[in-house]
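The values are calculated or read from the model by the stated rules, or taken from the named source; none is laboratory data. Model, not experiment: these values are computed from the prediction. Here Cβ is always computed from backbone atoms with ideal geometry, including for glycine, and neighbour counts include all displayed protein chains. For the accessible areas, the whole protein counts, side chains as well, though only heavy atoms, and no ligand, DNA or RNA atoms are used. Shrake-Rupley method; radii C 1.70, N 1.55, O 1.52, S 1.80 Å.
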Amino acid sequence: MKLASLKSGRDGKLVVVSNDLAWYADAGHIAPTLQSALDDWDRTAPRLQALATDLEHAAIPRERFHEHDAAAPLPRAFQWADGSAYVNHVELVRKARGAELPASFWHDPLMYQGGSDEFLGARDDISLANEEWGCDLEAEIVVVTGDVPRGVSAQDALSYVRLVGLVNDVSLRNLIPAELEKGFGFVQSKPASALSPVFVTPDSLGDFWRDGKLHRTLMVDLNGAPFGRAVASDDCTFDFGILIAHLAKTRNLGAGSIIGSGTVSNRDADGGPGKPVAQGGLGYNCIAEVRMVEKIQTGEMTTPFLKDGDTVRIEVRDDAGHSIFGAIEQVVRLQ
């Protein structure tokens, strides 16, 4: 089952979307918004699934689904926590500045609490006030949970995953160091992130969703050229069960909590830093990573951060080449 929110009011209008992303059916008679559906999932999920089945068989009124009309599936959420499941990414960033990676990073996930009062639609612009802030993309996988009890085990945590999707976790890299020096984490360096047009239930992903990981290639294009082709299940140190359990160690999680994987990052086949796609590698899912590789290899970072007019596209496709979550496609606008 695929769910989306059309732009309407602050929290969008819930719709069920066909598997090929071509059609939608209004789900307002079941739940007006995705958050309200998640709040009463045991009741709403079977009814939404029945609506999705009718939609696939063209047995109910339907309308054309256009990704440009979609808000974020959750335009605002009660919680957004972003992890760092790909330690390769963290290791590269630290290595470039000559810092050792603490051994704990391999068994204790990093995670920060982000702003959840505004999520951008997949085709909304990235509004940037100052190019000197170092605007960067970060292509990630996200899950949305139901109500999760405090102290849940990593194994049991996966049963609370309601939906899977994508996020562009925008970062302002040049603001990060000063914030981290204060010891309280990210605030100004983390503006609004964009979510994929649709979120998908784990059962609808079939074999693509196994062991708390998405077993697909995350396709990232920058200005129309391939930038990243990392496989989301590879080099993933912490699956989503571990990330959810980490967040819920000392508190309950409310339905509609969004949890991110962190930047998807693969090592090269020889175990070293990844190579650009143009050189036969799997590329990168954020600009900071390629800059770190440049620093390590040449001593100088040459790839620029995002600037006015740049276009970022993030997508995952099935074996037939069809988009699974729809595409995040954003243009940077200096405003």
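Looking only at residues of the stretch 26-51 that are more than 23 Å from the chain's Cα centre (by Cα) and not in a helix (DSSP H, G or I), we find that the one that is surrounded by the most Cβ atoms within 10 Å (Cβ to Cβ) is ALA27.
Could you list, in sequence order, the residues of the stretch 182-216 that are more than 20 Å from ASP82 (Cβ to Cβ) and either open to solvent by 50 Å² or more (accessible area, probe 1.4 Å) or free of Cβ contacts under 8 Å to residues at least 24 places away in the same chain (or both)? Answer for the stretch 182-216, where residues must be more than 20 Å from ASP82 (Cβ to Cβ) and either open to solvent by 50 Å² or more (accessible area, probe 1.4 Å) or free of Cβ contacts under 8 Å to residues at least 24 places away in the same chain (or both): ASP203, SER204, GLY206, ASP207, ARG210, ASP211, HIS215.
Taking the stretch 209-234 as the range and being assigned to a loop (DSSP other than H, G, I, E, B), out of contact with any strand residue (DSSP E or B) (no Cβ under 8 Å at 6 or more places or on another chain) and closer than 27 Å to THR311 by Cα as the test, only ASP234 passes. Restricting to the stretch 106-129, name every residue that is open to solvent by less than 50 Å² (accessible area, probe 1.4 Å), touching a Ser or Thr at 6+ places or on another chain (Cβ under 8 Å) and outside any loop (DSSP other than H, G, I, E, B). Scanning the stretch 106-129 gives PHE119, LEU120.
For the stretch 265-279, the set of residues classified as among the aliphatic types (A, V, I, L, M), open to solvent by 80 Å² or more (accessible area, probe 1.4 Å) and assigned to a helix (DSSP H, G or I) consists of ALA278 only. Please work out if LEU166 is open to solvent by less than 10 Å² (accessible area, probe 1.4 Å) and touching a residue at least 60 places away in the same chain (Cβ under 8 Å). Taking the combined requirement at face value, the residue satisfies it. Scanning the stretch 265-311 for residues that are closer than 24 Å to VAL170 by Cβ and of a type in the set (Asp, Glu) gives GLU289, GLU294, ASP308, ASP310.
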